[in-house]
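Report on the following structure.
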Amino acid sequence: MAELILNGYLINRVDYQTFDEVLTFLGEDNKKYVCLSLGSKKIESKNSRNLFYGCKTEFQLFESRTEGKMSKFKKSIILEKPIFEYEADKRLILLNDMINNINNSSFNRYDFYTRKLKVIKDNSLDTDLFTIISLKEFCDAIGITLEVNRCIRCGSHLLKTISFKYLGMLCNNCTKNLFIKPFEIRFSKLIYLLFNNKFDEIHQYYDLFPYVIKNLKQFIIDTAGIKLISLNEY
């Protein structure tokens, strides 16, 4: 195993046996590193005092060169003051969950993560607004989308409703021919704005955000097979 030193962020930690953990880091090189951390769950462990979500950290690990063999964590050094409230921040929990599920190496995960982390630290978006925008961008990152500018079936621009099953908007005729029960017009308008990246215009539909988040969560499950456990409350 070769020793590797990198800066980045802790994005996941999972219990492994009594005192050990499996840690996942996102490095500045845009790669994710999964490694076994021995003893970091012990009270006296120095490493346990240097593992925080949302805190830029220097990670030292022994990287495995053997396929199927896990890297081994050595130590961590925090590079900025940790904010303990982040551990329970729903926005950061969602962000970590999304990064854990983005395996597209051509997508700049590190840039996405740091941009979203700044939004959280600035507290410029509340939880629901942060979630709905982030889910749309997550869809982009994993390569799924909804066609919202024309009827997905016939190409008409006279739109009636969104259909997650058919992956886009439907006109009135196609809605009837497919025996689709339409969503209310405000719901479809919100999806239209969201998937056209008109985020500044979606606030007027704020009351619909939880329902849209619920539907987007299911859309991601049905289309990409990814379940974001951070959205279980929706």
_Built amide H within the under 5 Å cut-off of Thr161, gap 5+_ = Leu170
*Of the cross-linked pairs Lys46/Lys116; Lys32/Lys69; Lys42/Lys121; Lys42/Lys72; Lys160/Lys198; Lys90/Lys214, which ones have a Cα-Cα span greater than 25 Å in the structure shown?*
Lys46/Lys116; Lys42/Lys121
*asked:* For the chain, set up a GNM with springs between Cα atoms under 10 Å and report which of Ile180, Ile142, Ile191 has the largest fluctuation.
replied: Ile180
*For the chain, modelled as a Gaussian network with Cα springs under 10 Å, which listed residue fluctuates most, Ile185, Ile120, Ile132?*
Ile185
*asked:* Cut-off 10 angstrom, C-alpha nodes, Gaussian network model of the chain. Which of Lys56, Lys74, Lys176 fluctuates the most?
replied: Lys176
*asked:* I want to make sure I understand the PRE zone here: with the label point 7 angstrom from the Cα of Ala224 toward its beta carbon, which residues in the stretch 114-142 have backbone N atoms less than 12 Å away?
replied: 134-142
*How large is ³J(HN,Hα) for each residue in the stretch 41-56, as worked out from phi by the Karplus curve 6.51 cos²θ - 1.76 cosθ + 1.60 (θ = phi - 60°), to whole Hz, x for Gly and Pro?*
8, 6, 4, 7, 5, 5, 5, 4, 8, 10, 10, 9, 6, x, 10, 5
*asked:* Between 0 and 90 degrees, rounded to the nearest ten: what's the tilt of helix 109-122 against the longest Cα principal axis of the chain?
replied: 90 degrees
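Roughly how many percent of the accessible protein surface of the stretch 40-158 is carbon and sulfur, given a 1.4 Å probe and a whole-percent answer?
49 percent
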*Does anyone have the angle between helix 185-194 and the longest principal axis of the chain? Alpha-carbon axes, 0 to 90°, nearest 10?*
50 degrees
*Would you kindly find the accessible area of Glu85, with a 1.4 Å probe and non-protein molecules such as ligands, DNA and RNA excluded, rounding to the nearest 10 Å²?*
130 Å²
*Can you give me the relative contact order of the chain as a percent, contacts being Cα pairs under 8 Å and 6 or more apart?*
14 percent
*Determine the per residue accessible area of the chain with all protein chains present and a 1.4 angstrom probe, expressed in square angstrom.*
53 Å²
*Based on the Cβ-Cβ distance of Lys42 and Asn197, what FRET efficiency does E = 1/(1 + (r/R0)^6) give at R0 = 45 Å, to the nearest 0.05?*
0.45
*How much length, in nm to one decimal, is gained on full extension between Thr18 and Asn108, taken as 0.36 nm per residue of separation minus their Cα-Cα distance?*
28.9 nm
*the chain, helix-only ellipticity at 222 nm - DSSP H runs n ≥ 4, -39,500 (n - 2.57), divided by all residues, nearest 500*: -10000 deg cm²/dmol
*Roughly what % antiparallel, to the nearest 5, for the DSSP beta bridges in the stretch 22-143?*
85 percent
*Along the stretch 70-81, what does the Karplus equation 6.51 cos²θ - 1.76 cosθ + 1.60 (θ = phi - 60°) give for ³J(HN,Hα), rounded to whole Hz, x for Gly and Pro?*
7, 5, 10, 6, 9, 7, 9, 10, 6, 9, 8, 5
*Carbon and sulfur: what percent of the stretch 187-234's accessible surface (1.4 Å probe)?*
47 percent
*asked:* Please list Phe130, Phe62, Phe84 from largest to smallest accessible area, probe radius 1.4 Å, with all protein chains kept in place.
replied: Phe84, Phe62, Phe130
*asked:* Can you tell me the orientation of helix 90-101 relative to the chain, as the angle in degrees between its alpha-carbon axis and the longest Cα principal axis, to the nearest 10?
replied: 90 degrees
*Summing +1 for each Lys or Arg and -1 for each Asp or Glu, what net charge is found among the other residues whose Cβ lies under 12 Å from the Cβ of Asn232?*
+2
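The values are calculated or read from the model by the stated rules, or taken from the named source; none is laboratory data. What you see is a predicted model; the values in this text were computed from it and never measured. A quick note on method: Cβ atoms are made from the backbone with ideal geometry, for glycine too, and the neighbour counts reach across all protein chains shown. We work out accessible area using only protein heavy atoms, side chains counted, and drop any ligands, DNA or RNA first. Shrake-Rupley method; radii C 1.70, N 1.55, O 1.52, S 1.80 Å.
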